[in-house]
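The values are calculated or read from the model by the stated rules, or taken from the named source; none is laboratory data. Please read these numbers as outputs of a predicted model, since none were measured by experiment. Every residue, glycine among them, receives a Cβ derived from its backbone with ideal geometry; neighbour counts consider all protein chains shown. Surface areas here come from the heavy atoms of the whole protein model, side chains and all, with no ligands, DNA or RNA. Shrake-Rupley method; radii C 1.70, N 1.55, O 1.52, S 1.80 Å.
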Amino acid sequence: MTDIDPRALRNAFGSFMTGVTVVTAHDTKGAPIGFTANSFTSVSLDPPLVLVCIATSSGNYDAFSAASGFAVNILSEGQKDVSNTFARPVDDRFAAVDWKAGPHGAPVFQGVSAWFDCSMFKQVDAGDHLIMIGKVEAFEHNAHPGLGYASGAYVTPAAEAEALSNAANLTVSALIEQDGKILLVDDGQGQLTLPDIKVGKKGASVALSRLIETSGVLAEPGFIYSVYEDEARENQHISFHCLSHGGTPASGAFTELTTSTLMDVADPAMRIMLERFAAESRMGNFGVYFGNQISGKVRPIASGST
């Protein structure tokens, strides 16, 4: 299988939208341990089984492979910080969460969408991961919307829908990507910009779908990549990253984000956003920008099981 590009394969796997979980247990000394994972799925109702995978290279591998059970905490939309904490080498990850021992003993979190406290049912070696199948001994389900993950970015549909429905003077742009290139159009003054549209009474989702439809390309509505307030224009701008899978642009062209191309982007805020996208694309690691047209913060995206 040496002819398969690992980065391309990882990106392809990442196009499948999943939930985000933190898997927990206790080590041989009784200390709580955990890691962020999106490799979780239900397996069976009778008996009640779930599975999750842990990388054999993980520092938690030995402890989890020897554990008598584990818990899966399905994170809610407001728990991106928890996901990031358990995806990184932090001295005391559990100091960042409110947790308790579940009925079967593994740590379970407060504020999650659901948790499952499991006994270890079976383990299966699978390449560079270990599949842990757990029998659900106890669980709890809440009404909190779940945190999603796809294509290197968190997905918070409930929060995004609420924010968009309350936004005034909102412009939506589509950062449409095809084979590493971005669709850029003429801004009417001989320079480049992203396709954009003013949001009407029907909301941002309808506006984005209309924008993609009129672009002439085949693309799926994507997820928020950048949110900023253009204070000078009294306008809020939201850019969605969308992946194209064919079609011919009605205007403009798919273009590589080279230095010379970016110099032709008139809007400074949009140019900075595209520069960041170009840099993040090279690294394969994306973030979400929040701020105004001048300054703000990029929230890094965590990925993978650690």
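Is the range 175-192 home to any residue that is modelled with pLDDT of 95 or more, under 24 Å from the mean Cα position of the chain (by Cα), surrounded by 14 or more Cβ atoms within 10 Å (Cβ to Cβ) and more than 22 Å from S244 (Cβ to Cβ)?
No, that holds for no residue.
Please determine, by comparing only the residues of the range 193-252 that are at pLDDT 85 or above and closer than 17 Å to P268 by Cβ, which one is nearest to the chain's Cα centre (by Cα).
Step by step, filter the range 193-252, then rank; the result is S239.
What are the pairs with Cβ atoms under 9 angstrom where one residue, in the range 198-220, is assigned to a strand (DSSP E or B) and the other, located anywhere, is open to solvent by 50 Å² or more (accessible area, probe 1.4 Å)? Sequence gap at least six, or different chains.
As it stands, the answer is K198/N169; V217/H245; V217/T248; V217/A250; L218/H245; A219/L243; A219/H245, since those pairs meet every condition given.
Which is more than 22 Å from N169 (Cβ to Cβ) and surrounded by 13 or more Cβ atoms within 10 Å (Cβ to Cβ), of T261, T248?
T261
Yes or no, residue by residue, for (1) in contact with a Cys (Cβ under 9 Å, 6 or more places away or on another chain); (2) free of Cβ contacts under 8 Å to residues at least 60 places away in the same chain; (3) open to solvent by 50 Å² or more (accessible area, probe 1.4 Å):
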| site | (1), (2), (3) |
| --- | --- |
| L51 | no, no, no |
| G59 | no, no, yes |
| G69 | yes, no, no |
| I74 | no, no, no |
| D91 | no, yes, yes |
| V108 | no, no, no |
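Of everything in the range 272-291, what is in a helix (DSSP H, G or I) and at pLDDT below 90? Give them in sequence order.
I272, M273, R276, F277, A278, A279, E280, S281, R282, M283
Out of the residues in the range 160-174 meeting the condition of being in contact with a helix residue (DSSP H, G or I) (Cβ under 9 Å, 6 or more places away or on another chain) and exposed (fewer than 15 other Cβ atoms within 10 Å of the Cβ), tell me which one is modelled with the lowest pLDDT.
Among those residues, the one meeting the criterion is S165.
May I ask you to list the residues in the range 1-49 that are modelled with pLDDT of 90 or more, aliphatic (A, V, I, L, M), under 18 Å from H129 (Cα atoms) and surrounded by fewer than 18 Cβ atoms within 10 Å (Cβ to Cβ)?
V43
If W115 meets every condition in (1) open to solvent by less than 60 Å² (accessible area, probe 1.4 Å); (2) in contact with a Lys or Arg (Cβ under 9 Å, 6 or more places away or on another chain); (3) among the aromatic types (F, W, Y) apart from one, which number is that one?
For W115, the failing item is (2).
Of (1) assigned to a loop (DSSP other than H, G, I, E, B); (2) in contact with a His (Cβ under 9 Å, 6 or more places away or on another chain), A138 satisfies all except one. Which?
Just one mismatch for A138, condition (1).
Have a look at D62, D27, D3 and point out the one that is charged (D, E, K, R) and within 22 Å of F109 (Cβ to Cβ).
D27
Here are some conditions: (1) over 14 Å from V23 (Cα atoms); (2) not in a strand (DSSP E or B). Q123 meets all but one. Which one does it not meet?
Answer for Q123: the failing condition is (2).
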